[in-house]
1. Using mean Cβ contacts within 10 Å as the protection proxy, how do 360-369, 304-313 order, highest first?
2. When 102, 27 are ordered from fewest to most other Cβ atoms inside 10 Å of their Cβ, what list results?
3. Could you work out the pair-distance distribution P(r) of segment 393-492 from its alpha-carbon pairs, with 5 angstrom bin width and percents rounded to whole numbers?
4. Once you put a point 7 Å from the Cα of residue 373 and another 7 Å from the Cα of residue 182, both along the Cβ direction, what distance in nm separates them?
5. Among rounded, prolate and oblate, which fits segment 286-479 when a ≥ b ≥ c are the square roots of the eigenvalues of its C-alpha gyration tensor, a/c under 1.5 means rounded, and a/b larger than b/c means prolate?
6. I want the antiparallel fraction of DSSP beta bridges within the chain, as a percent rounded to 5.
7. What does the highest-first list of 69-82, 210-223, 463-476 look like by mean Cβ count within 10 Å?
8. Calculate how large, on average over all directions, the projected area of the Cα convex hull of segment 15-172 is; give the answer in nm² to one decimal.
């Protein structure tokens, strides 16, 4: 008889300091969650774990059930009602009977009454079907809990940042589970946690301590020592008891897997702890960074200089309307600039009403207060010509989320003369050049690009730039972790406490 596989996606990276609410409609990046066949259709043939699970299920000739696919940009906690609306279809599908569950989760989701949403999901499904095998994929920025580990059969996390290996992680976790169903392997897991609050600006494997740890993990997988080894450097903007650096390793119990898995896990965490100072980010003053970017652009006109506005990134829960970096760029007179995106639906409406080609004066951005860090919104007065109006729709062609349709909402481009500013109705992290090209801007032809991102911009933009300058503006994705009023962290924790 055909096996029945339940495949579901629930993802939210919760910034507990964010001023942005997370209603049910925010899932699907503003289109709402997808259920049933619509959930499958949304993620088919994309670079995601869910797409990998679907391919595995077809390869196994299994009956496929996709009760829900719900992913939202990072923001504040979801309500219990929203969480239940997403999770109950998963429960109903498992209750109806299945042979295995494949979960595409994030790992840093927090609800208004639970600091460990993923742990709750796995635990609830386990209670319905105590012996059901459960595969889980996790984002690189996971805050791992014992509850999730105890209720999963096999866990694999992403090994890249930007996350270009999401499909690969799904194939790894899903493949282990299928092997267990076939009786070919007996998965066992070892995990550990360290009191290390690692700045996300130091998470990228290519230029931080994580690179060597992940190289070791890949080597251990490749030589068969373990089945999967994942480093999870944490999401430090979630104030929970689980926030910190962790590792999770899957071994095969039939071949000394538990011992090997624990040894690999311990070594990965020791590497992270020994190099903990390298996970601290030190930012120069904003004016100094913008001045450096300006000089680089004047000296290297062949390819754009990227200015990364990393303190206000919606991909980590930022409002995406803080104007500090934009203001400094305009004040210092950088020319031939493209910026993306500023989230300001009111400004978009004004430009749409005016029409393409018309001159407008706007109080742009700065409409969001951030009381958690004592920051008030400050709009920036700008004026210029409405260069374009779009529906904000494009399909990702770059290496991250390849094939997914993005929904920016109604979008307009303001041309100030020196800069073209992409203004959107919805938040969006610019990890793909489509954020510009769909609006008629060729980012390769610009001298400067200002991107509200942290690391993910590298997926689509690093190949086309000459230099990268990180600009410390303001916002709830500040890389200086001392600005946040943590209440729930397990203390002491480095670098906030002497250790």
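Computed from the coordinates by the stated procedures, all read-outs in this text should not be read as laboratory data. On a predicted model such as this, the values are computed, not experimentally measured, just so you know. Neighbour counts are summed over all protein chains in view; Cβ atoms, including those assigned to glycine, are modelled from backbone coordinates with ideal geometry.
1. Going by the mean number of other Cβ atoms within 10 Å, highest first, we get 304-313, 360-369.
2. Numbers: 102 30, 27 26.
Taking fewest neighbouring Cβ atoms as first place, the list is 27, 102.
3. Histogram of Cα-Cα distances, whole percents per bin: 2, 10, 20, 21, 18, 12, 7, 5, 3, 1, 0.
4. Going by the 7 Å Cα→Cβ label model, 4.8 nm.
5. On the way: a/c = 1.15, a/b = 1.06, b/c = 1.08.
Verdict is rounded for segment 286-479.
6. So the antiparallel bridges in the chain amount to around 45 percent.
7. Highest to lowest by the protection proxy: 69-82, 463-476, 210-223.
8. The directionally averaged projection comes out at 8.7 nm².
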